[in-house]
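Student: Below is a structure I'd like to ask you about.
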């Protein structure tokens, strides 16, 4: 945890993998709150080796700010043989090169409550004080049965354990579907931390959890409520523009060799559905409350698309830069872009 007295613009670097749902939370929160200038971003290779997360996406295989090849070097700088392993998200203190925190449960809450002096103008309140009790209750259930539930199902080593956690997972998803059938967001009428935490699992569900982790009672796209809810968030600036399906699929299918020994990455699923109309606006709600949408994704942080084609973030920027452009036309462009990616993937 970084207390308010330790928050300082430019002092820290957020290290993430775009494949990781826990790190995706931090990416979304940072975007929504406009912290891009306050805390810089390092993105690791989705494929780990024996030293875990590595910076092989950067020139020379080193992070250009921290000057290290592996995230483990920042862990070792803090404590040799750091207990608990090397994980993302991680916040590294740039001057010392030491890990500052890897508390994935606290990082986003700290962004919302301790980094307020560095928030952009119009930043939403993602953890409103009057709703924190309900938000915490919802987040705890989502963490136990959904965020962590898919992992427990995927790495189960006996039938009894798998059956138990898989049933709990889908029972919780059914409850969430019922809850969201009459409200646009999980708590209150605006996006909160609870929505961020559920989204990062839902967006990976059909791509990896349904098949790779055997969470296959049904697909996300077969639940009309949760599928529309996830699409609503995906099409909201700050959500879909942080998602890299290529990194997600390659990480899960190629790193978890005990589950997928061939390391073959499947072609599907069809991603174009993420960009179809969701009609969730009919439930009301104000995505950013009294705030505003975040600005365009910084050029250096845009998620690269297969084959060099425009990514969803490029089209989302059109919404922000050219508000007069029709939403229907933009959705046509979005669907066309994803249809191209699906039909003609890069080699």
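The values are calculated or read from the model by the stated rules, or taken from the named source; none is laboratory data. All of these numbers come straight from a predicted model, not from anything done at the bench. With ideal geometry, Cβ positions are generated from the backbone for all residues, glycine too; neighbour counts draw on all protein chains shown.
Student: Working carefully through the options 145, 136, find the one that is under 21 Å from the mean Cα position of the chain (by Cα) and over 30 Å from residue 258 (Cβ atoms).
Tutor: 136
Student: Show the residue pairs meeting these rules: Cβ distance below 9 Å; 6+ apart or different chains; first residue within the stretch 253-269 and more than 17 Å from residue 154 (Cα to Cα) and assigned by TED's automatic domain parsing to the domain that holds residue 203; second residue outside any loop (DSSP other than H, G, I, E, B) and modelled with pLDDT under 95.
Tutor: Every condition considered, the pairs that remain are 267/342; 268/342; 269/342.
Student: When the stretch 62-119 is examined, which residues are found to be in contact with a helix residue (DSSP H, G or I) (Cβ under 9 Å, 6 or more places away or on another chain), assigned to a loop (DSSP other than H, G, I, E, B) and closer than 15 Å to residue 6 by Cα?
Tutor: Once the filter is applied, which keeps residues that are in contact with a helix residue (DSSP H, G or I) (Cβ under 9 Å, 6 or more places away or on another chain), assigned to a loop (DSSP other than H, G, I, E, B) and closer than 15 Å to residue 6 by Cα, the stretch 62-119 yields 96, 114, 115.
Student: For the stretch 269-292, what are the residues that are part of a loop (DSSP other than H, G, I, E, B) and crowded, with 16+ Cβ neighbours inside 10 Å?
Tutor: 269, 271, 278, 285, 287, 288, 289, 291, 292
Student: Identify all residues within the stretch 179-194 that are surrounded by fewer than 24 Cβ atoms within 10 Å (Cβ to Cβ) and in contact (Cβ under 8 Å) with a residue 60 or more places away in the chain; write none if there are none.
Tutor: Hits for the stretch 179-194 are 182, 183, 184, 185, 188, 189, 190.
Student: Answer yes or no: is there a residue in the stretch 195-202 that is more than 17 Å from residue 126 (Cβ to Cβ) and either crowded, with 21+ Cβ neighbours inside 10 Å or out of contact with any strand residue (DSSP E or B) (no Cβ under 7 Å at 6 or more places or on another chain) (or both).
Tutor: Scanning the stretch 195-202 turns up at least one residue that is more than 17 Å from residue 126 (Cβ to Cβ) and either crowded, with 21+ Cβ neighbours inside 10 Å or out of contact with any strand residue (DSSP E or B) (no Cβ under 7 Å at 6 or more places or on another chain) (or both).
Student: Right, another one. Would you pick out the residues in the stretch 27-51 that are out of contact with any strand residue (DSSP E or B) (no Cβ under 9 Å at 6 or more places or on another chain) and touching a residue at least 12 places away in the same chain (Cβ under 8 Å)? Working first, answer last.
Tutor: Our first condition is that a residue be out of contact with any strand residue (DSSP E or B) (no Cβ under 9 Å at 6 or more places or on another chain); within the stretch 27-51, this holds for 28-29, 31-34, 36-37, 46, 50.
Those that are out of contact with any strand residue (DSSP E or B) (no Cβ under 9 Å at 6 or more places or on another chain) and touching a residue at least 12 places away in the same chain (Cβ under 8 Å): 28, 29, 31, 32, 33, 34, 36, 37, 46.
Student: If a residue must be in a strand (DSSP E or B) and over 20 Å from residue 249 (Cα atoms), how many such residues does the stretch 1-41 contain?
Tutor: 5
Student: Scan (1) farther than 30 Å from residue 132 by Cβ; (2) surrounded by fewer than 20 Cβ atoms within 10 Å (Cβ to Cβ); (3) touching a strand residue (DSSP E or B) at 6+ places or on another chain (Cβ under 6 Å) for the single condition residue 54 breaks and write down its number.
Tutor: (2)
Student: Quick check on my filter: what residues within the stretch 52-61 are in a loop (DSSP other than H, G, I, E, B) and out of contact with any helix residue (DSSP H, G or I) (no Cβ under 7 Å at 6 or more places or on another chain)? Before you say what the answer is, go through the steps one by one.
Tutor: Step one: of the stretch 52-61, the residues in a loop (DSSP other than H, G, I, E, B) are 53, 55-58.
Across the stretch 52-61, the qualifying residues are 53, 56, 57, 58.
Student: Is it the case, given these coordinates, that residue 219 is crowded, with 20+ Cβ neighbours inside 10 Å and over 10 Å from the mean Cα position of the chain (by Cα)?
Tutor: Numbers: crowded, with 20+ Cβ neighbours inside 10 Å: no; over 10 Å from the mean Cα position of the chain (by Cα): yes.
No; evaluated as a whole, the condition is false for this residue.
Student: Just the residues that are under 28 Å from residue 296 (Cα atoms) and either crowded, with 21+ Cβ neighbours inside 10 Å or at pLDDT below 95 (or both), please, taken from the stretch 245-268.
Tutor: 245, 247, 248, 249, 251
Student: Also, I was wondering about something else. Quick check on the stretch 42-51: of everything there that is surrounded by 21 or more Cβ atoms within 10 Å (Cβ to Cβ) and assigned to a strand (DSSP E or B), which residue is farthest from the chain's Cα centre (by Cα)? Reasoning before the result, please.
Tutor: Here is the first cut: in the stretch 42-51, the residues surrounded by 21 or more Cβ atoms within 10 Å (Cβ to Cβ) are 42-44, 46.
Filter again for assigned to a strand (DSSP E or B), leaving 42-43.
On the way: 42: 15, 43: 13 Å.
Looking at residues that are surrounded by 21 or more Cβ atoms within 10 Å (Cβ to Cβ) and assigned to a strand (DSSP E or B), I get 42.
Student: Within the set of pairs 6 or more residues apart or between chains, which connect a residue that is farther than 12 Å from residue 214 by Cα inside the stretch 156-169 to a residue that is at pLDDT 95 or above and not in a loop (DSSP other than H, G, I, E, B) with Cβ atoms less than 7 Å apart?
Tutor: 168/145; 168/149
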